[in-house]
Amino acid sequence: IEEARTRADGFIEIERAGSTIIQLGLFRIVVTKPPFSDGWEITAVRPVKRLSLKDYKLSDKLMQRIAEQAEGILIAGAPGHGKTTFAQALAENYASKEKIVKTVEAPRDLVLPETITQYAISRGSPEEIHDILLLSRPDYTIFDEMRNTADFKLFSDMRLAGVGMSGVVHATNPIDSIQRFVGRVELGVIPQVIDTVLFIKNGTIDQVLSVRMTVKVPAG
């Protein structure tokens with residue numbers, strides 16, 4: 001905790017009565033203590049692999065879609081399968097093309113170049129993030145770990161305002177990630193909010209879905 005307060009590359013992300021989350025260089029350190037846990041526990045996690053978008057060997061069609069068309073991307077997958085690693089590669093790819101890129105994280109643990117500003121949603125309200133993003137007008141925003149209704153609504157609001165968004169969500173299959181917007185966003189608006197779902201499995205892109213609205217004549 002003292003190191004995090006004195007070092008330029010360290011900060012205390014969240015401090016509660018029973019737990020503390022610290023980012024110290026490459027390490028994300030989670031400290032829990034009684035009465036929240038039955039004893040003191042310190043867990044330090046560091047990124048073990050850093051990939052660029054080229055390492056994923058994406059098809060030309062998908063690369064073109066990411067570069068030109070896709071502006072409402074969901075990066076979905078089960079925990080530990082490499083969603084955040086891909087989001088990091090995507091952010092660096094956009095930044096290398098001289099696009100303005102921001103991230104919204106809780107906690108801030110993406111390892112990114114200085115040109116990308118990282119916002120901590122745990123240190124501000126969704127309204128504050130909304131105002132800052134609308135006023136600073138980034139080309140792309142990476143929303144790491146969307147969990148609750150406020151996160152999904154913020155993602156939808158920013159997309160409808162014309163900001164390119166890529167959101168990371170936990171899902172066991174691709175359709176589940178879209179399902180998480182149902183009930184939180186009006187059904188007819190979903191294709192305007194999400195246009196591409198990238199499902200990550202075992203560190204690679206397992207499936208790619210495009211989302212569109214189809215209207216058909218009722219049949220018996």
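The values are calculated or read from the model by the stated rules, or taken from the named source; none is laboratory data. Just so it is clear, the model here is predicted, and its values are computed rather than measured. No Cβ is skipped: glycine too gets one built from the backbone with ideal geometry, and neighbour counts run over all protein chains shown. Please note that ligands, DNA and RNA were not included when accessible areas were found on the heavy atoms of the full protein model with its side chains. Shrake-Rupley method; radii C 1.70, N 1.55, O 1.52, S 1.80 Å.
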Per the filter on region 153-175, residues loosely packed, with under 14 Cβ neighbours inside 10 Å and in contact (Cβ under 8 Å) with a residue 60 or more places away in the chain are T172
Under 9 Å between Cβ atoms, which residue pairs at least 6 apart in sequence (or on different chains) link something in region 119-140 that is in contact (Cβ under 8 Å) with a residue 24 or more places away in the chain with a partner that is assigned to a helix (DSSP H, G or I) and surrounded by fewer than 17 Cβ atoms within 10 Å (Cβ to Cβ)? I121/E128; I121/A150; P126/A150; P126/K153
State whether one or more residues within region 45-61 are closer than 30 Å to I1 by Cα, out of contact with any Lys or Arg (no Cβ under 6 Å at 6 or more places or on another chain), of a type outside the set (D, E, K, R) and open to solvent by 50 Å² or more (accessible area, probe 1.4 Å). yes
If a residue must be over 15 Å from M213 (Cβ atoms), of a type outside the set (S, T, N, Q) and not in a helix (DSSP H, G or I), how many such residues does region 152-189 contain? 13
When region 186-206 is examined, which residues are found to be of a type outside the set (A, V, I, L, M, F, W, C) and closer than 25 Å to M158 by Cα? E186, G188, P191, Q192, D195, T196
Only one of these conditions is not met by D139: (1) at pLDDT 95 or above; (2) out of contact with any helix residue (DSSP H, G or I) (no Cβ under 6 Å at 6 or more places or on another chain). Which number is it? (1)
Only one of these is out of contact with any strand residue (DSSP E or B) (no Cβ under 6 Å at 6 or more places or on another chain), of a type in the set (K, R) and at positive phi: K57, K61. Name it. K57
Residue, farthest from the chain's Cα centre (by Cα), within region 192-209, restricted to residues that are over 22 Å from K49 (Cβ atoms) and not in a strand (DSSP E or B): Q192
The conditions are (1) closer than 16 Å to I75 by Cβ; (2) without any contact (Cβ under 8 Å) to a residue 40 or more places away in the chain; (3) open to solvent by less than 10 Å² (accessible area, probe 1.4 Å), and D144 fails exactly one of them. Which is it? (2)
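What do you reckon, is V111 within 12 Å of G72 (Cα to Cα), in contact with a Lys or Arg (Cβ under 8 Å, 6 or more places away or on another chain) and at pLDDT below 90? Full working, then the answer.
Values: within 12 Å of G72 (Cα to Cα): no; in contact with a Lys or Arg (Cβ under 8 Å, 6 or more places away or on another chain): yes; at pLDDT below 90: yes.
No, not satisfied.
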Which numbered condition trips up H81, out of (1) in a loop (DSSP other than H, G, I, E, B); (2) open to solvent by 90 Å² or more (accessible area, probe 1.4 Å); (3) at pLDDT 90 or above? (2)
When only residues in region 179-202 that are open to solvent by 30 Å² or more (accessible area, probe 1.4 Å) and in contact (Cβ under 8 Å) with a residue 60 or more places away in the chain count, which is nearest to V104 (Cα to Cα)? Q192
Which residue pairs have Cβ atoms under 8 Å apart, sit 6 or more places apart or on different chains, and have a first residue in region 35-61 that is farther than 18 Å from R108 by Cα and a second that is open to solvent by 100 Å² or more (accessible area, probe 1.4 Å) and modelled with pLDDT of 90 or more? F36/R16
